Amino acid sequence: MTDSLQAGNSRMEQPPAAPQPARPALGEVTGGSSSRERERRRRFMHRVRHVLSAAAVLAVLALAALAVRPRPVPVDAERVARGKLVVAIEETGVTRVKDRYVVSAPVTGAVSRQLREPGDAVEEGEVLAEIAPVLAPLLDERTRSEAQATLSAALSALGQAQAQQERARVAKELAAAEHARAEALARAGSLPQQALDRAAFDARLRAEELSSAVFAVKVASEQVRIARATLAGEGRGAAKGRHIDVLAPASGRVLRVPQKSAGVVQAGAPLLEVGDPEALELVVDLLTTDAVQVRPGTAVAVQGWGGDRALAATVRRIEPSAFTKLSALGVEEQRVNVIAVFAEPRAAWSALGDAFRIEARLVLWQAEDVAKVPQGAVFRHGNEWAAFRLDSGRAHLAPVRIGHRGESEVEVLEGLQPGMLVAVHPGDRVKDGARVELR
């Protein structure tokens, strides 16, 4: 446009041309064609710049739209399948002898050294240990002096009692003689009846005093014997052969020997444990919330006991009383013991003994052909269960009804069909209708 204006101005500034012949010159025709060509080129470039500017704007808008557009959420997916589903509980437990007997000391005394070792066979009524009276305690100097003084006092009391006994004996003899003379005088009529009665009373009184003196001498003699025993029995045991035999309550084998060496034991102290290691049972402590699902006869697979295969067992009973136990995280849990017995012959588990660790797997329910998905595919949605069904790159919320829950899978009753693809652990980013991509 500037060139056109300049060209127009140039033409306006030129003086009017002289009349020319009717035929134009060749130079004038050439100059007019160049101007039109430049005009067409200018208009073309102007259109090109407009097109490029519009293309740039559209490209920026497209990039902005792509940047704002949400990206597909990466998810893990599994297909709904049909197959076997097992509902089981796995817990650790221990083996235990069914009938065990703790042999304890019946009295306080000195027990002999135990010669039996764990595993030794015993028969019912067999002597397992001997308990003898303990040694008399040693006396310190003050106690010994007091004991010696007590002995001297007892000897003096014995002498006094013997003297009183002799006095009472003489008095009795005199009273008996007086009574005899009074009876003779009374028969002759020289003594009144009152005097005879007094003589008889006096003779009987003296006899009772002699009897009392005799008992006093015996008491004093025993006091002397006690005082002498305190001094003479210091550090000594009882007479040889005085002991109590501890007998085996039942036939079996020695399981434990808490008191191996000889020594003084108190009444009730455990000496040995006896039982039959061939009669073992399994003790598995379960959470009370799991134990309510267990019934007598439930199948148990005994694993992790050291053998090359799992052993079969069955639940015999569930104890009626629970107990509190701290978990590994320090949380208090209510647990209850479940007792099971082996369903295989003794030869299969003969290597097991009392208090051996095992891992028990209790099968609560199983089915061979059910629709199932991983447990991470279902989640709570309000008061119901739901899952995200994947179709054409999008997630669709599908309400489901589940049944039994296995270790890693859950039974699907309604809402999903075998072969459908579902998201596993979808996370908070996955919504109904959201675009997803498989990892």
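Things to note:
- Listed residue (LEU61, LEU329, GLN293) projecting farthest to the positive dipole end of the chain, Cβ model: LEU61
- Principal-axis tilt of helix 2-13 within the chain, Cα atoms, nearest 10 degrees: 30
- Annotation for the stretch 109-159: trypsin sites (Lys or Arg not before Pro) lying in DSSP loop with at most 12 further Cβ atoms inside 10 Å of their Cβ are ARG113.
- Potential lengthening between SER35 and ARG317 on full extension [0.36 nm per residue; Cα-Cα distance subtracted]: 90.3 nm
- Ligands, DNA and RNA left out, the accessible area of the chain computed with a 1.4 Å probe is 55% carbon and sulfur.
- Its residue count N sets the reference 2.2 N^0.38 Å, and the alpha-carbon radius of gyration of the stretch 163-206 equals 1.24 times that reference.
- Protein-only accessible surface at a 1.4 angstrom probe places the residues GLU278, GLU319 in the order GLU278, GLU319, largest first.
- Close Lys pairs in the chain, defined as Cα atoms under 29 Å apart and 8 or more places apart or on different chains, number 7.
- Here the Karplus curve 6.51 cos²θ - 1.76 cosθ + 1.60, taken at θ = phi - 60°, turns the phi angles of the stretch 131-144 into couplings of 10, 10, x, 6, 5, 5, x, 6, 9, 7, 4, 5, 5, 4 Hz, with x standing for Gly and Pro.
- Subtracting the Cα-Cα distance of ARG42 and ASP428 from 0.36 nm times their residue separation leaves 133.1 nm of extension gain.
- Amide H partners (placed H, <5 Å) of VAL436, local residues excluded: VAL73, ARG394, ALA395
- Theoretical gain in end-to-end length, VAL134 to LEU63 [0.36 nm per residue, Cα-Cα removed]: 15.5 nm
- Label separation (SER212 vs LEU397): 10.9 nm, computed from points 7 Å beyond Cα along the C-beta direction.
The values are calculated or read from the model by the stated rules, or taken from the named source; none is laboratory data. Source: prediction; values computed, not measured. We place every Cβ from the backbone using ideal geometry, glycine too, and count neighbours over all the protein chains shown. Ligands, DNA and RNA are stripped out before the accessible areas are found, and what is left, the full protein with its side chains, is counted by its heavy atoms. Shrake-Rupley method; radii C 1.70, N 1.55, O 1.52, S 1.80 Å.
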